[in-house]
Amino acid sequence: MSVIFLTLTLVAALMKRTELILANHFKPATVDEQTKFDVVINGVASSLRIPVVKAIRAMTCLPVMEAKEFIEDLPKTFKEGVTKDEAEEAKRQLEEAGATVSIV
């Protein structure tokens, strides 16, 4: 009787250990949530350049010439490494002015 009990105890212990090993091995990978975002201006219609320049100046305090030059060769990264809220607010303001914007 004691041999059967020891055998069953040993089998139960091995099963538990196997469960733990498999649980750790097949644990779902954790997905890192993105915390920093880039705002990219993809394009500006020629008829909407002035409002977009004004929006850029309002958000960055750039001089007029630098803001104009910024929207010449698009796409360009407008803001780098900002929070999701900042990125969405910048996108909203730029799109209201007439720019095509994406958040990456």
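Points worth noting:
- Flag set for K68, criterion: part of a helix (DSSP H, G or I), at pLDDT below 95 and open to solvent by 60 Å² or more (accessible area, probe 1.4 Å).
- Among the residues of segment 36-47, those identified as of a type outside the set (A, V, I, L, M) and under 22 Å from T60 (Cβ atoms) are K36, F37, D38, N42, G43, S46.
- Which listed residue, of A23, A29, is open to solvent by less than 100 Å² (accessible area, probe 1.4 Å) and modelled with pLDDT of 65 or more: A23
- The condition of being surrounded by 11 or more Cβ atoms within 10 Å (Cβ to Cβ) and out of contact with any helix residue (DSSP H, G or I) (no Cβ under 6 Å at 6 or more places or on another chain) does not hold for V53.
- In the condition set (1) at pLDDT below 95; (2) within 27 Å of Q34 (Cα to Cα); (3) of a type outside the set (F, W, Y); (4) surrounded by fewer than 14 Cβ atoms within 10 Å (Cβ to Cβ), S46 is compliant with all but (2).
The values are calculated or read from the model by the stated rules, or taken from the named source; none is laboratory data. Bear in mind that the values here come from a model prediction, so they are computed numbers and not experimental data. Cβ coordinates were reconstructed from backbone atoms using ideal geometry, including for glycine residues, and neighbour counts include every protein chain displayed. SASA here: full protein model, heavy atoms, side chains in, ligands and nucleic acids out. Shrake-Rupley method; radii C 1.70, N 1.55, O 1.52, S 1.80 Å.
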